[in-house]
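A short write-up of the structure that comes next.
FYI, it's all coordinate maths here, none of it is from the lab. Computed from a prediction, not measured in an experiment: that's the story for all the values here. Here the Cβ positions follow ideal geometry from the backbone for every residue, glycine too, while neighbour counts run over all protein chains shown.
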Amino acid sequence: MKPKPKERIVLLRPYSPGKPIEEVKRELGLKSVIKMASNENPLGPSPLGLRAAENALKKINLYPDGGSYYLKNKIAPELGVKPENLCFANGSNELILLSIHAFASDPGDEIAYGFPSFLIYRLIAQSYGIKVIETGLKNFTIDLEKLAGAVTENTRIIFLCNPNNPVGTMNTADEVETFLKRIPPHVLVVMDEAYYEYADKKIFPDSVSYLKDKKNLLILRTFSKMYGLAGLRIGYAIGDESIISVLDKSRQPFNVNSVAQAAALAAFDDKQHVERSLKENKNGIAFIMGRLKQMNIEYVSTSTNFLLIKTGNSKKIFDRFLQKGIIVRPMDAYGLRQYIRVTIGLPEHNEIFVEELKNILFSL
Ligand SMILES: Cc1ncc(COP(=O)(O)O)c(C=O)c1O
């Protein structure tokens, strides 16, 4: 007799992340590899965050603060909420897991989201054996009418990825407000705002302000993208105390390590790094989009730090890029077989990318 794993776990198709640089170097014998696949900050970590992380290393013999006290007290007033409205976790990924674990893990429970979107919602739901309802896009943007229409009495969570990965588009404040009015109070709306910092705040929903009237709302943000701390794994949820206290009960007591907490605290205040990152990103998008237009290549306008580009044959184009030492993201797992997703890089990387794209597409 062998230990018998649950069938639903055996059947899972593991998440396929962007390929790591070292792996590609090893596999292809390349000296230089550029990664434009995981929407990381190409400028590196916030310098203030990095210094704080280095300092924090001296105390890693101690367990971290299990309640992320300093972070909560720094960020809560900035957002106009109370520390009790925040829960920190090992990346916002963990918060997706905790929400499903705490609110949607019984047989018969359902979650819904517009698809293509972040694949982790599906994967975690499948690991709990719950039902997934995927609705579609309209003009490459999540169709909120369809999504609201998919709610049943068994729906426990709606995930709204805004701006939406891997497409890059956003749902505006007007759209989201109309949508929220249609969602019954038994459904938790998880607004995954991993790319919040990149979105145009003139039209982007001020989601935190909705918490005043809505108890069934949870907003997820991360230090992995704009702040450049993806490797340290830290993200947070903003929500009503009744929701946050449930997530807190579900998490491990020391889910956020001390180095990540120190780095995030300093990075949050690193306005210079945020400004530089935004500027580089904006310039990079303008540059790549300009070149795509010249080459008559279709793309989807973005509110993030990545671009969805119609190249035809996603997997083949990904492989061709890989041979050249450029890691992009094939989109076949998202049902977008004609597309690749590329993270905006440093100016020199963006140039190499468009040059290679030209070579690849026009030599096929
Ligand atoms: C939409 C979305 N949500 C969540 C995450 C997870 O981020 P974190 O690094 O905070 O776990 C990502 C990362 O790519 C993402 O794109």
A correct Karplus calculation of ³J(HN,Hα) over region 298-307, with 6.51 cos²θ - 1.76 cosθ + 1.60, θ = phi - 60°, whole Hz and x for Gly and Pro, returns 6, 8, 10, 4, 10, 10, 9, 10, 9, 10
Check which residues have an amide H placed less than 5 Å from K35's amide H, if you skip close sequence neighbours. I327
Stretch L361-E7 to full length: gain in nm at 0.36 nm per residue minus the Cα-Cα span? 123.2 nm
Separation of the R276 and N139 label points, Cα + 7 Å toward Cβ, nm: 3.7 nm
Can you give the Kirkwood hydrodynamic radius of region 7-81 from its Cα pairs, in Å with one decimal? 17.2 Å
Given R₀ = 25 Å, what would the calculated FRET efficiency be for K293 paired with K315, taking r from the Cβ atoms and rounding to 0.05? 0.50
Within the chain, which complete DSSP H helices have Cα atoms spanning at least 20 Å along the helix axis and a mean Kyte-Doolittle hydropathy of -0.5 or higher? 347-363
Cβ-Cβ FRET estimate between E348 and F254, R0 fixed at 35 Å, reported to 0.05: 0.30
Rg and Dmax of region 265-324, Cα atoms only, in Å: 15.3, 44
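Viscosity 1.002 mPa s, temperature 20 °C: give me the Stokes-Einstein translational D for region 47-268 in µm²/s, with Rh taken as the Kirkwood radius over C-alpha pairs.
For the chosen part, D equals 121 µm²/s.
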Treat every Asp and Glu Cβ in region 36-88 as -1 and every Lys and Arg Cβ as +1, leave all other atoms uncharged, and give the resulting dipole magnitude about the Cα centre to the nearest 20 debye. 180 debye
Taking the chain and counting helices only, DSSP H stretches of n ≥ 4 at -39,500 (n - 2.57) each over all residues, the nearest-500 ellipticity at 222 nm comes to -12000 deg cm²/dmol
Cα pair distances exceeding 21 angstrom across region 59-169, given as percent: 49 percent
Can you tell me the FRET efficiency between Q126 and N55 if r is taken as the Cβ-Cβ distance and R0 is 41 Å, rounded to the nearest 0.05? 0.50
Ordered by packing density, taken as the mean number of other Cβ atoms within 10 Å over each peptide's residues, highest first, how do 40-51, 249-260, 2-13 rank? 40-51, 249-260, 2-13
Please give the Cα centre distance for region 152-168 versus region 15-88, rounded to the nearest Å. 24 Å
Please work out the C-alpha center-to-center distance from region 323-364 to region 188-238 and express it in whole Å. 28 Å
Report, in listed order, any pair from K293/K316; K25/K74; K25/K271; K146/K212; K214/K249 with a Cα-Cα distance greater than 30 Å. K25/K74; K25/K271
Considering all alpha-carbon pairs of region 280-364, what whole percent are spaced by more than 16 angstrom? 46 percent
